[in-house]
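Encoded as structure tokens, the structure appears first; notes follow it.
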Amino acid sequence: MFQLKSMRQKTITMADVRLAVEEAYGKYRDVEVDGDVDPRLKDVDADRFGISVMLADGTCVEVGDTDVMSPLGGIAAVPVMSVLCMQYPEAMDGCPGRKCSLDDTWSEKPERMPVSVDGVRMVSGVEPKGDPEGKWTVMMDTLAGLVSTPPVLDDALYESMSKTNEAANVEKAMADVEFFLYDDADISIDLYTRMTAMCMSTRQLAEMGATLAAGGCNPESGAVPADALASGRVSAFMAVTGPRHKSEPWLIRSGLPARNSFGGSMLGVLPGVLAIAAYSPMVSDDGVSVKAFMAIGYIMRRLGLGAFSGEYVTVEK
């Protein structure tokens, strides 16, 4: 009979976590970075910077501007993937929105679109099909379980991005290459665009990540928007897709599944342990927040943590 040997034990304290967060904030707060605020955003204070860490039990450490609301951008894929993993538990060997889909259908995709066509495909897979209000309700219900305080839709940003999509004729570009979708293109494009314009603070993002880290149980509200298997698959999705154009070097360096937003937010999840969210609106050419990227990486290295370290981590209060 096979017997799993005991994993290596690693213990950190809340004092360790607090010190790492404060050090990261102090180290990068006043650093001049090579980046700019995304042109889609208006009236943004480029100097804002905040970090939130939430353990899987809901204990939270915060420093800086953790109440600033910023658009989800690419982080919107996290609640959408949570829905898909719950609706299609037997079909998630493939990942809708990437090269393989729910039924292993693969298609070319249009390049240089103003909206993520991968994200659009993910939303197209959400049930119910052909019902934009019903589909949106399902996604919002899941998001409400992931975070106990509601996100806020930036109406002006949503309208602006929708007009940009229309000007770029995204729907036609998808049709021209026969890009595979599970639902109507206009519905899927609109709903994913709306989801990316939803705004959350780093405090809210950390709670969403902590819910995934806790196996789908929200440590603040007790809601269970996703089961343990779905939560693990969402974390794996974050690891594979990573910060935009930086997924491989990021994962190797930090060992932390993560997603980023063009608005300057970044969210990382260490399953079973904690989530880290950071915000700074100064983003690189790839749309990744420079300070958030550096701060989260620093915290992981300072604590000696990583999703692939093979260690069982406990946090002493």
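The values are calculated or read from the model by the stated rules, or taken from the named source; none is laboratory data. What you see is a predicted model; the values in this text were computed from it and never measured. Backbone-built Cβ (ideal geometry, glycine too); neighbour counts: all protein chains shown. Calculation scope for accessible area: heavy atoms of the full protein, side chains included, ligands and nucleic acids excluded. Shrake-Rupley method; radii C 1.70, N 1.55, O 1.52, S 1.80 Å.
Please go through the range 128-164 and give me each residue that is among the acidic types (Asp, Glu) and either at pLDDT below 95 or on the phi > 0 side of the Ramachandran plot (or both), ordered by number.
Selection gives nothing.
Condition check ((1) open to solvent by 40 Å² or more (accessible area, probe 1.4 Å); (2) modelled with pLDDT of 95 or more) across all residues:
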| site | (1), (2) |
| --- | --- |
| MET1 | yes, no |
| SER6 | yes, no |
| LYS10 | yes, no |
| VAL44 | yes, yes |
| ASP57 | yes, yes |
| GLY74 | no, yes |
The listed residue being on the phi > 0 side of the Ramachandran plot and more than 20 Å from the chain's Cα centre (by Cα), out of GLY26, GLY73, GLY64: GLY64
Within the range 239-261, the residues that are crowded, with 24+ Cβ neighbours inside 10 Å and either outside any helix (DSSP H, G or I) or modelled with pLDDT of 95 or more (or both) are PRO243, LEU256, PRO257, ALA258, ARG259, ASN260, SER261
Is it true that MET174 is of a type outside the set (Lys, Arg) and closer than 29 Å to ALA56 by Cα? no
Filter pass, VAL224 being out of contact with any Cys (no Cβ under 8 Å at 6 or more places or on another chain), of a type in the set (A, V, I, L, M, F, W, C), in a loop (DSSP other than H, G, I, E, B) and surrounded by 15 or more Cβ atoms within 10 Å (Cβ to Cβ): no
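Just name the residue that is surrounded by the fewest Cβ atoms within 10 Å (Cβ to Cβ) out of those in the range 171-185 that are within 21 Å of THR137 (Cα to Cα) and aliphatic (A, V, I, L, M).
So the first thing to find is which residues in the range 171-185 are within 21 Å of THR137 (Cα to Cα), and the list is 181-185.
Remaining after also requiring aliphatic (A, V, I, L, M): 181, 185.
Values: LEU181: 23, ALA185: 19.
If we take residues in the range 171-185 being within 21 Å of THR137 (Cα to Cα) and aliphatic (A, V, I, L, M), then ALA185 is surrounded by the fewest Cβ atoms within 10 Å (Cβ to Cβ).
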Restricting attention to the range 225-239, does a residue exist that is of a type in the set (D, E, K, R) and under 17 Å from the mean Cα position of the chain (by Cα)? yes
Note: among THR149, THR137, just one is open to solvent by 50 Å² or more (accessible area, probe 1.4 Å), without any contact (Cβ under 8 Å) to a residue 24 or more places away in the chain and not in a strand (DSSP E or B), namely THR137
Scan of the range 275-301 for residues that are open to solvent by less than 40 Å² (accessible area, probe 1.4 Å), outside any loop (DSSP other than H, G, I, E, B) and among the aliphatic types (A, V, I, L, M), ordered by number: ALA275, ILE276, ALA277, ALA278, MET282, VAL283, VAL290, ALA292, ALA295, ILE296, ILE299, MET300
Tell me the residue from GLY304, GLY272, GLY264 that is open to solvent by less than 10 Å² (accessible area, probe 1.4 Å) and not polar (S, T, N, Q), please. GLY264
Checking the structure you have, find out if any residue of the range 30-37 is modelled with pLDDT of 95 or more, surrounded by 15 or more Cβ atoms within 10 Å (Cβ to Cβ) and not aromatic (Phe, Trp, Tyr). yes
Which residue out of SER160, SER188 is in a helix (DSSP H, G or I) and open to solvent by 20 Å² or more (accessible area, probe 1.4 Å)? SER160
